[in-house]
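Coordinate-derived values only; no laboratory data. Keep in mind that this is a model prediction, so the values were computed, not measured. Here the Cβ is made from the backbone with ideal geometry for all residues, glycine too, and neighbour counts use every protein chain on show.
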Amino acid sequence: MHLRMASRLAIIAPNRLDLFFSSTYSFSKTYFDEKPESVQKIANQVRVLTGQQTQVKFRMDESEQKESASTETSQAVASKAPVEKHEFVQAVETIFNASIGQITRVRKQNQ
């Protein structure tokens, strides 16, 4: 599932394959950072397909990050405070030893 979220791939060097994720799929990239056994399975499949040992790397798509960074406003940063104080968010942070990395407001569709 996470592998499908890659926005593009590139052969960076001989025997090296880089898969890029847009910022909206940073969780998918993080999944591979935390699961080296999954990365090894992918590298093994690439070896089966190509007959060569290949290093597989997962990266964030920097071209998209530059665009999104330029559009970020102080209003988005200011809106983080009320979310951090919400009891549900505090419970999730405690249970999973997590912290808020990004907040995206989603508008409800009119029915």
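What is segment 1-42 by shape, rounded, prolate or oblate, if you read a ≥ b ≥ c off the alpha carbon gyration tensor as root eigenvalues and call it rounded for a/c under 1.5, prolate for a/b larger than b/c, and oblate otherwise? The shape class here is oblate.
Could you compute the FRET efficiency for SER23 and GLN55, with r as their C-beta to C-beta distance and R0 at 22 Å, rounded to 0.05? Walk me through the numbers on the way to the answer.
On the way: r = 24 Å, r/R0 = 1.08.
After rounding, the FRET efficiency stands at 0.40.
Here the Karplus curve 6.51 cos²θ - 1.76 cosθ + 1.60, taken at θ = phi - 60°, turns the phi angles of segment 52-58 into couplings of 10, 5, 10, 7, 10, 10, 10 Hz, with x standing for Gly and Pro.
Using C-alpha pairs under 8 Å with a sequence gap of at least 6, the mean separation divided by the residue count of segment 2-68 gives a relative contact order of 37 percent.
Would you mind classifying segment 24-66 by shape? Square roots of the alpha carbon gyration tensor eigenvalues, ordered a ≥ b ≥ c; an a/c under 1.5 is rounded, otherwise it is prolate if a/b is larger than b/c and oblate if not.
The shape class here is oblate.
Under 5 Å from the amide H of THR54 lie the amide H atoms of ARG47, each residue being 5 or more positions distant or on a separate chain, with H modelled from the backbone and absent for Pro and chain starts.
Inter-label distance, VAL89 to ILE103: 0.4 nm, where each label sits 7 Å from its Cα along the C-beta direction. The peptide list 32-41, 90-99, 51-60, put in order of mean Cβ contacts within 10 Å with the highest first, becomes 51-60, 32-41, 90-99.
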